[in-house]
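Enquirer: The following block contains the structure, expressed as structure tokens.
The values are calculated or read from the model by the stated rules, or taken from the named source; none is laboratory data. The structure presented is a predicted model; accordingly, all values stated were derived computationally and were not measured. Quick reminder, even Gly has a Cβ in these numbers, built from the backbone with ideal geometry, and neighbours come from all protein chains shown. Areas reflect the complete protein model, heavy atoms only, side chains present, ligands, DNA and RNA absent. Shrake-Rupley method; radii C 1.70, N 1.55, O 1.52, S 1.80 Å.
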Amino acid sequence: MSQQFQHTPTALGRRALLAGGVGVGIGALGAKAPTPAHAAPNQSQQERKLLMRWGRDTWHGLASMADPRTGLVTDLIQADLTEPATVTSPTNIGGYLWSAVVARELGIITPGEASRRVRQTLDTLSRMEHHTASGMYFNWYDPRDGSVVTAWPGSGDPVEPFVSSVDAAWLGAALLVVRNADQANATLAGKMFDRMRFDVFSDPTFWKPYLNYGGFYLQEPTRLAHPPRTEARDLIGAGTPVWYTADHHYDTIVSETRITTYLGIAKKQIPATAYFQAWRTFPPDWTWPEMTPVGQWRSYLGVDVFEGAHDYLGRRTVPGWGGSMFEELMPNVFVPEETWAPLSWGRNHANHVAVQRDHGLKEYGYWGFSPASNPFGGYSEWGVDALGLKPDGYFSDVEHTDRTPTDPDPHYGNGVVTPHAAFLAMMHDRAGAIATLQALEANFECYGPGGFHDAVAVGSGTVAHRHLSLDPAMIMGALGNVLAKGVLQRAFSSGAVERLVRPVISLEEFGAS
């Protein structure tokens with residue numbers, strides 16, 4: 001099997017950016033259960049007013065991160081909207097584009113302003129250096145001028161231009177949204193989307209064919225201090241090879257990376273069978289995973305799939321690699337998976353949200369776990385260990401408390417809640433997500449001019465007083481679907497996506513309860 005290390009360049013870059021950052025403690029606040037919303041005749045009106053306030057502030061923070069000269073949004077900024085980082089990525093750029101569409105639909109900005117912002121970003125993007133043969137962009141650029149980053153800001157450590165399969169896909173998703181939702185910019189966005197070759201990431205010779213590489217370098221990355229093992233290949237007939245991450249294929253279906261597979265299928269660049277190659281859980285005869293899955297074998301389009309699930313807190317849920325909301329729900333911001341695939345994602349999204357909620361309320365009084373800032377400095381992957389296949393998990397607390405077969409009910413410590421995870425969950429548990437967000441805002445100093453700060457250690461009250469641009473972009477995406485009738489899902493999933501992806505994912509029945 002491939003090694004499922006979560007070592008994407010985005011995660012590594014954020015760790016580098018945030019290294020040495022110190023969270024600000026606000027006192028040892030006890031974890032309080034969220035106060036139930038007051039039942040009143042105009043409750044829905046009050047609720048929309050609350051969500052719109054959160055949306056306006058989140059957009060203000062995200063717009064503050066965009067360079068006024070280029071329209072490229074920075075990777076991170078402090079909570080007072082100062083000290084922007086001097087790097088950006090395709091995911092960041094895409095997040096700003098789809099957020100502008102949402103802000104327009106919610107009436108936060110005018111259609112004219114939305115189109116002007118999108119046009120500025122697309123104009124800069126059209127001039128930026130990229131891998132021409134595939135139409136894919138590198139992972140790090142300077143937002144001030146759009147140049148490729150070749151040395152890491154601050155340390156001066158070398159950066160080898162790298163094309164990440166998942167970061168490229170988030171930009172592709174944003175371009176498709178703009179093409180379908182912004183008439184003024186449809187031609188330019190469509191031109192850039194049309195030239196994207198997602199088969200550049202798809203490995204037809206892997207033992208589970210057409211799983212995606214983590215990405216590729218333009219040359220062997222010998223300048224790096226710890227270069228990964230790579231292999232030179234030309235998968236799209238470009239005439240020259242690129243150097244792929246030989247030890248890194250994405251091989252779990254509950255992963256943000258399934259958006260890459262969806263796009264490849266929608267563009268007829270990879271076969272539909274690629275969707276069924278990824279693990280739901282590892283097979284039951286593998287002895288090394290921490291949790292033994294329950295389930296049965298099924299076959300789809302000639303591919304045998306073990307439809308396994310993890311049984312935790314009374315629900316059988318198909319796990320991701322780490323057990324985070326991002327893995328489960330980020331593609332759902334764009335694809336109405338629960339509607340198209342009611343026997344798989346229709347079950348699993350609801351279960352994953354419910355397990356995160358029940359775990360968080362039981363252990364901490366708050367919930368919502370996803371990769372984000374570490375309130376004590378740096379960047380960490382947060383999740384619910386039982387919802388992950390990774391043996392040592394993504395953990396929900398600072399202490400990295402590990403639930404194991406020999407200790408199935410451990411004592412958890414200082415839980416780290418990430419507001420963007422609750423916003424993603426709002427697409428499936430609106431009342432529960434709003435309640436925990438209200439409690440976070442009321443009980444911690446975790447809200448400011450740019451909306452919710454990135455993460456809160458709820459046991460100690462320590463807050464990561466910063467914004468990572470992808471996180472407010474996820475908040476905007478979820479709010480757009482909740483308040484604007486699925487605006488991103490409608491824009492992304494029309495045409496070829498629905499025609500080619502929906503029949504594939506609708507076939508499956510997960511082992512989820």
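Enquirer: I need the phi-derived Karplus couplings for segment 69-84: 6.51 cos²θ - 1.76 cosθ + 1.60, θ = phi - 60°, integer Hz, Gly and Pro marked x.
Expert: Ordered by residue, 3J(HN,Hα) equals 8, 10, x, 9, 8, 6, 5, 7, 8, 6, 5, 8, 6, 10, 6, x Hz.
Enquirer: I'd like to check one number: the per residue accessible area of segment 168-271, probe 1.4 Å, reported in Å² as a whole number.
Expert: 37
Enquirer: Compute the Rg/Rh shape ratio of the chain: radius of gyration over Kirkwood radius, all on alpha-carbon atoms.
Expert: Result for the chain is an Rg/Rh of 0.94.
Enquirer: Another question about this same structure. For T82, put the label point 7 Å out on the Cα→Cβ axis and report which residues of segment 452-470 keep their amide N under 17 Å from it.
Expert: From segment 452-470, the list is 465-467.
Enquirer: Could you tell me the distance between the Cα centroids of segment 477-503 and segment 317-363, to the nearest Å?
Expert: A separation of 17 Å, based on Cα centres.
Enquirer: A further question follows. Run through segment 194-231 and list the chymotrypsin sites (Phe, Trp or Tyr not before Pro) located in a DSSP loop whose Cβ has at most 14 other Cβ atoms within 10 Å.
Expert: W207
Enquirer: Follow-up question, since we're still on this one. Across 10 Å bins from the origin, how do the percents of Cα pairs in segment 197-260 run, short distances first?
Expert: The distribution over segment 197-260 is 21, 52, 25, 2, given as percents.
Enquirer: Also: Check which residues have an amide H placed less than 5 Å from R466's amide H, if you skip close sequence neighbours.
Expert: The answer is A79, D454, A455.
Enquirer: So who's got an amide H within less than 5 Å of the one on Y379, skipping anything under 5 residues away but keeping other chains? H placed 1.01 Å off N, in plane.
Expert: N374
Enquirer: When the label point is put 7 Å from the Cα of S44 along its Cα-to-beta-carbon vector, which residues of segment 435-471 have a backbone N closer than 20 Å?
Expert: Those under the cut-off are 435.
Enquirer: Take each of the peptides 75-88, 219-232, 465-478, 382-395, average the number of other beta-carbon atoms within 10 Å over its residues, and list them starting from the highest.
Expert: Most protected by this proxy first, the peptides run 465-478, 382-395, 75-88, 219-232.
Enquirer: Determine the gain in length on full extension of the stretch A232-D311; use 0.36 nm per residue of separation and subtract their C-alpha separation, reporting nm with one decimal.
Expert: Residue separation times 0.36 nm, minus the Cα-Cα distance, leaves 24.3 nm.
Enquirer: Of Y366, G432, T401, whose Cα points farthest to the positive end of the dipole of the chain (charges on the beta-carbon: +1 Lys, Arg; -1 Asp, Glu; origin at the Cα centre)?
Expert: G432
Enquirer: Further, regarding this structure: Nearest 20 debye, what's the magnitude of the dipole of segment 246-374 about its Cα centre given +1 on Lys and Arg Cβ and -1 on Asp and Glu Cβ?
Expert: For segment 246-374, the charge dipole is close to 360 debye.
Enquirer: Still on this structure, I have one more. For segment 378-513, with every protein chain kept in place, what is the accessible area per residue (1.4 Å probe, Å²)?
Expert: With all protein chains present, segment 378-513 gives 29 Å² per residue.
Enquirer: Give me the one-decimal nm value for the distance between modelled label points at A442 and T292, 7 Å along each residue's Cα-to-Cβ direction.
Expert: 4.4
Enquirer: If you don't mind, another one. Hey, rough spin-label estimate for Q219 and R499, points 7 angstrom out along Cα→Cβ, what's it come to in nanometres?
Expert: Spacing of the two 7 Å Cα→Cβ label points: 4.3 nm.
Enquirer: Please sort by residue number the chymotrypsin sites (Phe, Trp or Tyr not before Pro) in segment 233-332 whose DSSP state is loop and whose Cβ has at most 15 other Cβ atoms within 10 Å.
Expert: Passing both the DSSP loop test and the Cβ count: W286.
Enquirer: Can you list residues from other chains, or at least 5 along the same chain, whose modelled amide H is less than 5 Å from the amide H of F510?
Expert: S344
Enquirer: Here is a follow-up. Cα extents of segment 121-246 along the three principal axes, largest first, in whole Å?
Expert: So the extents along the principal axes, rounded to whole Å, are 44, 41, 23.
Enquirer: At 222 nm, what helix-only mean residue ellipticity would the chain give, in deg cm²/dmol to the nearest 500, using -39500 (n - 2.57) for each DSSP H run of four or more?
Expert: -11000 deg cm²/dmol
Enquirer: Setting aside same-chain residues fewer than 8 positions from K267, which aspartates and glutamates have a Cα under 17 Å from its Cα?
Expert: Qualifying aspartates and glutamates at Cα under 17 Å: D194, D199, D203, E498.
Enquirer: Taking loop as defined by DSSP and a crowding limit of 12 other beta carbons within 10 Å, which chymotrypsin sites (Phe, Trp or Tyr not before Pro) in segment 125-179 fit?
Expert: Listed in order of number, the matching sites amount to none.
Enquirer: With only alpha-carbon atoms counted, please give the Rg and Dmax of segment 366-513, in Å.
Expert: Answer for segment 366-513, Rg first and Dmax second: 17.3, 50 Å.
Enquirer: Continuing with the same structure: HN-Hα J couplings of segment 373-378 from phi, Karplus 6.51/-1.76/1.60, θ = phi - 60°, integer Hz, Gly and Pro as x?
Expert: 4, 8, x, 9, x, x
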